[in-house]
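A short write-up of the structure that comes next.
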Amino acid sequence: MELIGIANCTDDTWQEEAKNQAELELNKRNVTKEYQQEIVNEWNEEIKEFKRQQEKIFKENELNEYSFLDQLIIFILSPLILLGKVRYDKRFTDLKNENYKKKMIQRRNALILGTFCYLMAFYLLIEYK
């Protein structure tokens, strides 16, 4: 199977010498061009199906939201999350890569608001001690 992939590679993944060597080995093993094409077509269909599933998942993720409890936990843990001491749910890069647009906004707002509240509480404690 790997030899078929190497021999039928259309991009610059493999050097020409490797492609030629794979073709020679396939000829030695009596693997026909028709069979190779069938395998390549199956792989292409699998890739198309995978992309369709990924697009569907990305569409679903776009509208996903945090529950109120999750937002509250992020709010409470915000300084620790920003300092890297605690990890709760996904990081911003993970949310962005997986197309969680609403969750990104909610997480950002909870982190900013939570950190602001902590800073204000510390300021008030120090100021009115």
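The values are calculated or read from the model by the stated rules, or taken from the named source; none is laboratory data. Quick caveat: nothing in here was measured; it's all calculated off a predicted structure. Neighbour counts are summed over all protein chains in view; Cβ atoms, including those assigned to glycine, are modelled from backbone coordinates with ideal geometry. These area figures cover heavy atoms from the full protein model, side chains too; ligands, DNA and RNA do not enter into them. Shrake-Rupley method; radii C 1.70, N 1.55, O 1.52, S 1.80 Å.
Using the alpha-carbon centroid of each, what span in Å lies between the stretch 1-42 and the stretch 67-87? Centre-to-centre distance over Cα atoms comes out at 51 Å.
Just the protein heavy atoms count here, and of the accessible area of the stretch 88-128 at 1.4 Å, carbon and sulfur take up 67 percent.
Couplings for the stretch 84-101, taken from phi via the Karplus curve 6.51 cos²θ - 1.76 cosθ + 1.60 with θ = phi - 60°, read x, 7, 10, 10, 10, 6, 8, 7, 4, 5, 5, 4, 5, 5, 9, 6, 8, 5 Hz in order; Gly and Pro are left as x. Computed per residue of the chain from DSSP H runs no shorter than four, each worth -39500 (n - 2.57), the mean residue ellipticity at 222 nm is -25500 deg cm²/dmol.
Each peptide in 54-67, 102-115, 72-85 receives the mean, over its residues, of other Cβ atoms within 10 Å, and ordering these scores from highest gives 102-115, 72-85, 54-67.
The number of Lys pairs in the chain with C-alpha atoms less than 24 Å apart, excluding pairs fewer than 8 positions apart on the same chain, is 27. Rolling a 1.4 Å probe over the heavy atoms of the protein chains gives the chain an accessible area of 80 Å² per residue.
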